[in-house]
Structures are given as structure tokens and as C-alpha cells.
Amino acid sequence: MAERGVTAGAVDPAADDAVLVAAAAAGSAEAFDVLVTRHRRAVYQLCYRYVRHHDDAADLTQDTFVRAWRALPTFRREARFTTWIYRIAVNVSLNKVSARGPVAEPIDAETLVDHTAPRPGDALADAERAAAVRAAVAALPPRQRAALILRTYHDLSHQEIADIVGTSVGAVKANVFHALANLRKRLGARP
Amino acid sequence: MTPCLTPAEFVDLAEGVLPAARVAHVAGCVDCRGTAADLAATMAEVTAVDVPEPAPFFWAALNRRVRAAIDDDGAAPPWRTWRRWRWMAPLAGVATALVVVAVTTGPTAPGEIAVAGPTAVPAEATAPVAAAPDGVDRDDALALVLDLADALPEAGETTLGLAPLPDLGEVAAATLAADELRALEDLLRTAVDRPTS
């Protein structure tokens, strides 16, 4: 990485991922910075859904992009950068979760409660329900969790998810179905 | 009667891509209708749950952290470590300014010590102090810091052409933990006790 250097040069922030990936693989940290800016929110949210803790999600997001930078020379360009970066994020998140075990999501009223809501009681109930949903998602078996998160929140195709998880399209759909069935059992119908 | 939907077909149904012939089965099957309704309701609820949005400064800071890590070949500390020490930056700035003021315009006699800034601390600033969860005697540390800050002369702000400092009491009460207050206390003691020439 360091030997690839950090080259200066004009980078078009509107360039598509493939162009930026090529430039970054050639050593342009500026091009990679544009990729980070473009995908950081999605990667952070993906990591957060695994660890449910801001600091951990921030660490994992940083780790994901650093690993991506290191691995850029080996990135096969026929795949989408999004798919590839999500695969890295899922792997680092799974490593973190398996090493640490499940944790409770901190209830941070300042973060979770919408203070503009006209009925604070409803907002708090919504926040608690949302935290319960995130906890239930995080407790799913790894393949169900990955399939559900990537399909529901990141709008990846079943084929892309299959590539990331290393399974078939049919298995991805079955995982989504069983994930939702498990959540239904765990959460019950919304009150 | 055609066979009931498979799990994969239920997902296709929820996503609107199930072939019409199979959709027709659902219309005539109570079990499949119930499963499909449960699935749709759960999917709708799960989809609506967002991730809490980080503070606005976080995104730019994340870029800087990634850039520093790749510049240093991954040697940069992780986010949590950086966050733990970030309070030192503004604190060091304030402390440095206070030391400069104290050295330049230190008191000539105890009775001539000027009172710097407002002495009253807003109730909302002091309230969290009493409820500090770490069990450390943060109240005493904060009170001492406020006293020491008050003992510093304020003339230096104008004579040195410095911009007015932020209200130290408010900053300390709102942002610093007990150990951070103790560090600030030490710095302020040094500034106040330093002999003038």
C-alpha cells in the first residue's frame, strides 16, 4: 500500500466506480477517497446492523476500506465495486461478531428518539421497537442475516448476494424467507 | 390443487415476480395467503427500521481516518482510540492560552486578581455533573476548576489581542469527565501558581 504511494492528480468526483477503482488500484488515494465518500454510509450501516454499536461500526467501516485499499490490486473488475466492498464488510463484521459474541444495543435516547415527533411516548415506543428489530436481525444465523440485510437494506440482487455469501440464488431466497419467518416468531406482530 | 409455494416462491411473491400461475394458487390457498401476509408485514416492518444516523462530523472524520490508515500502512489507531483522546486537542488549546495569559499578566498581589468571565454556571451545565455515572467525585473537581479559572486574570485577553476564551465552566461541565477535569485542574494550577517575573 505505502509502496503504491499516494499520488496526486485530478480526480473527477462524478466518475463511475470502475474509473475510480482503476485509478485507486494504480495508487491514487484521491480516487479511493471519492470511493470512500460514495460508499461510506452504506458500509457503515451494513456494519452497524451486525454490531449495533456506533464505535464498533465505525471501526469496522474503517477496517473495511483499509482492507479494500490493500486488496485493490487483486480486485476482479468484472464484479461491481459495491458487491466487493459489501463482501469485505460482511466478513469483517462476522469476524468481529464471532469474536465478541452478541451484545445489547445501547439505548441512546438522543440518537434514537425523534424529538420533533408530536407524541414523545409514541416516539420512544417506536425507538424501542426499532432496537428490538435490529437486535432480532443481528441474532439471525449468519447466512440468513446477510441475505436479509443485503436484500432489504442494500437492494442487492439475489445473484449478487449469492456471490457474496457463496451460495445459490435459490438458497439466498430461502434464507430471506427463513430470516423473515424467524423474525416473525421472535418479534410477533407489531402491536 | 397445485402445490403450496416454496420459501423461494414466497420471496418472489413478496417482490412481485412470481409467475401468474403460482399467484393464482395463493388466491385459493388459505395457508399460503396467511404465510404471504405474515411475510409481507414482517418485511415492511424490517425495511422501515433505519440505522441511527451518526453525528455530522463523523463522515469527514471517517475519510480522514481511512486516509491516515492507508498513508501509514494501517498503523493509525482505530476510531475508538482516536475518539478517546480527541478531547485533548481543544483542551490543550485552552490550557495553552490560559498559560500565556497567566505568564504575561499574572497577579501582582492577591487583592488585585481580576475575575475572569461569568461566575454563574447555567443549571443545565451543572446538572449532568451531579449525575456522573462513573462514581468519581466530579463535582469537587469541577468546582476547583471553576475556582481556578476565576482566579486567572482577564486583562490578557485584550492586552494580548487574543480572542475572548470560551466560558471554561460551561465547556468543562458539558464535555469533560472526571479524569479529564483533573487533568485540566492540574494545568490551571500550573498556570495560577507560576511565579511572575
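Yes/no matrix, rows are residues, columns are (1) within 10 Å of chain B (Cβ to nearest Cβ); (2) in contact (Cβ under 8 Å) with a residue 40 or more places away in the chain; (3) not in a helix (DSSP H, G or I):
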site	(1), (2), (3)
A:Leu140	no, yes, yes
A:Glu160	no, yes, no
A:Thr167	no, no, yes
A:His178	yes, no, no
A:Arg184	yes, no, no
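Residues that are buried (at least 17 other Cβ atoms within 10 Å of the Cβ) and of a type in the set (S, T, N, Q) were ranked within region A:168-183; the one that is nearest to A:Ile85 (Cα to Cα) is A:Asn175.
Given the criteria under 30 Å from the mean Cα position of the chain (by Cα), at pLDDT below 95 and over 28 Å from B:Ala14 (Cα atoms), does B:Ala48 qualify? Considered against the rule, which asks whether it is under 30 Å from the mean Cα position of the chain (by Cα), at pLDDT below 95 and over 28 Å from B:Ala14 (Cα atoms), B:Ala48 comes out as no.
Out of the residues in region A:1-37 that are within 15 Å of B:Val66 (Cβ to Cβ) and surrounded by fewer than 17 Cβ atoms within 10 Å (Cβ to Cβ), which is modelled with the lowest pLDDT? Only one residue fits best here, namely A:Ala2.
Taken as a whole, the condition of being out of contact with any Pro (no Cβ under 9 Å at 6 or more places or on another chain), closer than 27 Å to B:Ala40 by Cβ, modelled with pLDDT under 90 and more than 11 Å from chain B (Cβ to nearest Cβ) does not apply to A:Asp126. Taking (1) modelled with pLDDT under 95; (2) within 14 Å of A:Tyr50 (Cα to Cα) in turn, A:Asp108 satisfies each apart from (2). Within region B:3-33, the set of residues being part of a helix (DSSP H, G or I) and either in contact (Cβ under 8 Å) with a residue 40 or more places away in the chain or within 11 Å of chain A (Cβ to nearest Cβ) (or both) comprises B:Pro7, B:Ala8, B:Glu9, B:Phe10, B:Val11, B:Asp12, B:Leu13, B:Ala14. Restricting attention to region A:135-154, does a residue exist that is out of contact with any Leu (no Cβ under 7 Å at 6 or more places or on another chain) and either at pLDDT below 90 or of a type in the set (Phe, Trp, Tyr) (or both)? Yes, region A:135-154 has at least one match. Taken residue by residue, region A:84-104 has at least one member that is over 30 Å from A:Val19 (Cα atoms), at pLDDT below 80 and in contact with a His (Cβ under 8 Å, 6 or more places away or on another chain).
The values are calculated or read from the model by the stated rules, or taken from the named source; none is laboratory data. Fair warning: this is a prediction, and the values are worked out from it, not measured in the lab. Note that each Cβ is placed from the backbone with ideal geometry, even for glycine, and that neighbours are counted across all protein chains shown.
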